[in-house]
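Reading through the structure tokens given below for one structure.
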Amino acid sequence: MKLVTIDAIPGGTAGAMVASGEILHLGRAAASGTIEAWLPPTVRGILLAGPEGLEVAHRLVRRVENMDANGQERLRRLGALTRLDATPLLAPVPDPRLILAAGRAYRSHVQEMGGGSPPHPTAFLKSPDSVTGPGARIPVSARTAQVDYEGELAVVFGRTCHGVAPEQALDHVAGYTIANDVSARDWMPGVLAACTAAEGRQSWETNIMGKQFPGFTPMGPVLATRDEVPDPSSLQLVTRLNGRVMQSASVGDLIHGIADTIAHFSQWYRFQPGDILLTGTPAGVGFGRDPQVFMRPGDTVEVEIGGIGVLSNDIAPA
């Protein structure tokens with residue numbers, strides 16, 4: 001199942017992409033007087049309802065997909081089944097409580113940025129206010145001249161996850177979506193020039209602030225549930241800037257696998273349904289190129305992951 005958040009009301013409302021490629025408005029399609037009418041109105045709410053919430057949503061999607069042509073046409077007249085290109089979407093979970101972003105996660109990216117492979121996963125927090133959706137414009141401030149792309153696979157939690165072992169970790173995952181960890185690199189020279197531990201810490205903190213601007217975490221277009229992605233390590237990630245391929249890698253190139261990464265951070269964090277883990281980016285970022293490449297207003301950046309879809313955003317002046 002591929003869940004979406006439809007930009008129909010403030011905060012959005014839960015939907016799903018059906019086999020035809022159309023968007024199903026779950027609330028409008030739910031049969032009154034049945035358990036379908038119990039479904040929470042948001043994707044995060046469905047995840048908080050536990051496995052039962054996902055199962056009811058899945059059954060509703062299957063029921064609609066198995067309808068005859070007359071039944072589906074009736075849903076179109078009711079506005080419960082709409083064309084993808086006519087349905088504005090937000091991020092699949094537009095209101096995550098927590099976003100944890102893994103860094104230095106791919107072997108290829110560590111090599112292009114310099115330094116050795118970390119012995120354990122590393123990460124930083126991103127502001128939930130940085131979240132935006134597919135098709136949204138990413139606003140670039142005049143204060144930043146080096147805005148970079150970082151295509152990533154994002155994990156969406158479906159169960160409370162704390163202190164788990166690697167072999168249990170994926171049981172707590174609801175599914176996966178696509179993310180772009182947009183990064184203003186204007187402060188990276190300070191990191192590279194640091195000579196003392198204190199200078200390194202301070203400059204790195206400032207560099208991480210360059211990832212927190214509004215709109216700097218686009219995600220979507222769908223949340224593909226685990227049954228759609230049985231082996232995330234087999235996924236292929238491609239990032240394009242104005243149609244030019246900038247990143248192309250297998251998720252299998254991660255230094256630490258997704259299950260190991262979840263287990264490591266669950267020692268400290270208690271992930272809740274709807275929380276997000278960005279799993280890191282592979283080689284090809286603009287800062288690591290010679291000459292360097294940065295995004296400008298008027299550019300279009302796309303991140304594609306096979307089996308999930310394409311996340312496309314335009315760059316615009318703030």
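What is the magnitude of the charge dipole of region 112-208 about its Cα centre, with +1 placed on the Cβ of each Lys and Arg, -1 on the Cβ of each Asp and Glu, and no other charges, expressed in debye to the nearest 20?
Working: 6 positive and 11 negative charges, 47 e Å.
Using only the charged Cβ atoms, the result is roughly 220 debye.
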### Query
Expressed in whole Å with the largest first, what are the equivalent ellipsoid semi-axes of the chain derived from the C-alpha gyration tensor as the square root of 5 times each eigenvalue?
35, 22, 16
### Task
Just order 59-66, 261-268, 95-102, 73-80 by mean Cβ neighbour count inside 10 Å, highest at the front, would you?
95-102, 261-268, 59-66, 73-80
### Summary
Computed about the Cα centre, the charge dipole of the chain from +1 Lys/Arg and -1 Asp/Glu charges at the Cβ has a magnitude in debye, to the nearest 20, of 480
### Message
Could you tell me the center-to-center distance, by alpha carbons, between region 148-224 and region 89-129 in angstrom?
### Response
3
### Task
Mind giving me the nanometre distance, one decimal, between the label points for Ala19 and Val245, set 7 Å out from Cα along Cα→Cβ?
3.1
## Note on the structure
Long-range share for region 43-95, i.e. C-alpha pairs more than 18 Å apart as a percent of all pairs, stands at 49
### Percentage relative contact order, the chain, counting C-alpha pairs under 8 Å, at least six apart
24
### Query
Using Cα-only point scatterers and the Debye equation, what is log10 of I(q)/I(0) for region 88-139 at each q in 0.23, 0.25, 0.30, 0.32 Å⁻¹, rounded to two decimals?
-0.87, -0.91, -1.08, -1.18
### Query
What number comes out for the charge environment of Gly15, summing +1 per Lys or Arg and -1 per Asp or Glu over other residues with Cβ under 12 Å away?
0
### Query
Of all the Cα-Cα pairs you can form in region 207-318, what percent are over 20 Å apart?
50
### Task
Would you mind counting up the charge near Ile99? Only other residues with Cβ under 15 Å from its Cβ, with Lys and Arg at +1 and Asp and Glu at -1.
-1
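Pulled fully out, how much extra length does the chain show between Glu228 and Asp68, if you take 0.36 nm times their separation in residues and subtract their Cα-Cα distance? Before the final figure, lay out the partial values.
Details: separation 160, 0.36 × 160 = 57.60 nm, distance 2.44 nm.
Extending this stretch completely gives an extra 55.2 nm.
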### Cα centre as origin, Lys/Arg/Asp/Glu Cβ charges: region 202-251 dipole, Debye
260
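Coordinate-derived values only; no laboratory data. Keep in mind it's a predicted model, so treat the numbers as computed, not measured. Using ideal geometry, Cβ is built from the backbone for each residue, glycine included, and neighbour counts are taken over all protein chains shown.
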